[in-house]
Amino acid sequence: MIYSIYLSKIVKVFKLSIYIITGQIGSGKTEAMKIFSEKGYSCFCADKIVRKLYKNQDIIKNVGNIYPGAIVNNSIDLDILREKIFNDKRIMELIENYIQPLVFLEFEKIIKLNKKKLVFAIPIIKKNIFFKNYKILYIKSEYEIRKKRISKRNNYGNKMIENIIKYQNSIDNYKNNNYCIIENNGTLNDLKDKICKILD
């Protein structure tokens, strides 16, 4: 198994036992996190951290400066913001450039405070140096399976699903690299078996 990491980072990586779970929307990152949690890992989801950040008044103000339509009753309406982001590349880039560095700062804080085994679940994003420092597990699922999973979520219509998948495909630099790829087209038990084999 080959990991794309710098030699100088190897000792640190294995000492800390830090994994990054990534993959396109609907691939099964959340279920993978649950399995890691059962194995004693502390798991942190980028999406949850974003939602927490979006409650900060300064961040609400700054997001409002980028796209005022996302602010409803002095809060960020996630559905409105998501709809705008995946239909307006300029707004998407501005939001990503603003919020993503804040998420990775939160991750670094978590690493400094925790001595346990850690897992970070991160959606497909443009390349970030954070990915170079730790072991990457790429969760991969077939297109139709992912669409079916996503369609069960609230406020995800067909057009929204198509837009998200199209965008992630365009920036997915991880699926063709020498990371550990986990196929997730079967049952949850199949996924659990595959992850357990990696950890053994």
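The values are calculated or read from the model by the stated rules, or taken from the named source; none is laboratory data. Note that this is a predicted model, so its numbers are computed, not measured. Glycine gets a Cβ as well: all are built from the backbone with ideal geometry, and neighbour counts include every protein chain shown.
Observations, loosely collected:
- Segment 13-45, subset part of a loop (DSSP other than H, G, I, E, B) and small (Gly, Ala, Ser), residue nearest to residue 158 (Cα to Cα): 26
- Screening 95, 122, 136, 111 for residues that are in a helix (DSSP H, G or I), among the β-branched types (Val, Ile, Thr) and under 25 Å from residue 26 (Cα atoms) leaves exactly one candidate, 95.
- The single residue among 39, 15, 34, 29 that is modelled with pLDDT of 95 or more, of a type in the set (D, E, K, R) and surrounded by fewer than 17 Cβ atoms within 10 Å (Cβ to Cβ) turns out to be 34.
- The residues on offer are 85, 80, 139, 110, and the sole one that is aliphatic (A, V, I, L, M), within 30 Å of residue 183 (Cβ to Cβ) and out of contact with any Leu (no Cβ under 9 Å at 6 or more places or on another chain) is 85.
- Residue within segment 184-200 that is under 18 Å from the mean Cα position of the chain (by Cα) and surrounded by fewer than 18 Cβ atoms within 10 Å (Cβ to Cβ) present: no
- Scanning segment 46-81 for residues that are acidic (Asp, Glu), part of a helix (DSSP H, G or I) and surrounded by 12 or more Cβ atoms within 10 Å (Cβ to Cβ) gives 47, 79.
- For residue 192: the one exception among (1) farther than 27 Å from residue 54 by Cα; (2) charged (D, E, K, R); (3) part of a loop (DSSP other than H, G, I, E, B): (3)
- Out of 156, 167, 174, one residue alone is part of a loop (DSSP other than H, G, I, E, B), touching a residue at least 24 places away in the same chain (Cβ under 8 Å) and crowded, with 16+ Cβ neighbours inside 10 Å. It is 174.
- In segment 61-77, the residues that are within 17 Å of residue 96 (Cβ to Cβ), under 24 Å from the mean Cα position of the chain (by Cα) and without any contact (Cβ under 8 Å) to a residue 24 or more places away in the chain: 64, 70, 76
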